[in-house]
């Protein structure tokens, strides 16, 4: 858990860079609500896959990888 102050332009940029660094180094998305819903059992793999298919970006690919790595 980390509290990131974003009350100024500089602190917002610093928080953004921190999040990007964590995501890049760990290969995980921070605050990915679809992944959280899946891992908490609120949606099933087929539902997550449908969501992932509708997102034609690297974010959608990330969601597909979440399912792939679970198998």
Relative contact order %, the chain, counting alpha carbon pairs below 8 Å whose residues are six or more apart: 17
Go ahead and estimate [θ] at 222 nm for the chain from helices alone: -39,500 (n - 2.57) per DSSP H run with n ≥ 4, summed, over the residue count, rounded to 500. -21000 deg cm²/dmol
Quick check on the exposure proxy: order 1, 62, 38 from fewest to most C-beta atoms within 10 angstrom. 1, 62, 38
Taking neighbour Cβ counts within 10 Å as the exposure measure, how do 33, 51 sort from fewest upward? 33, 51
What shape does the chain have by the C-alpha gyration tensor, where a ≥ b ≥ c are the square roots of the eigenvalues, rounded means a/c under 1.5, and otherwise prolate means a/b greater than b/c and oblate the rest? prolate
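Stretch residue 69-residue 33 to full length: gain in nm at 0.36 nm per residue minus the Cα-Cα span?
Full extension of this stretch gives 11.2 nm more.
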Length gained when the stretch residue 20-residue 56 is fully extended (0.36 nm per residue, less Cα-Cα span): 10.9 nm
What length, rounded to one decimal in nm, is gained on full extension from residue 2 through to residue 46, with 0.36 nm per residue of separation minus their alpha-carbon distance? 12.6 nm
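Bear in mind these aren't lab numbers, they're just calculated from the coordinates by the rules spelled out. Since we're looking at a predicted model, the values are computed, not measured. FYI the Cβ positions are ideal-geometry reconstructions off the backbone, even for glycines, and counts take in every protein chain you see.
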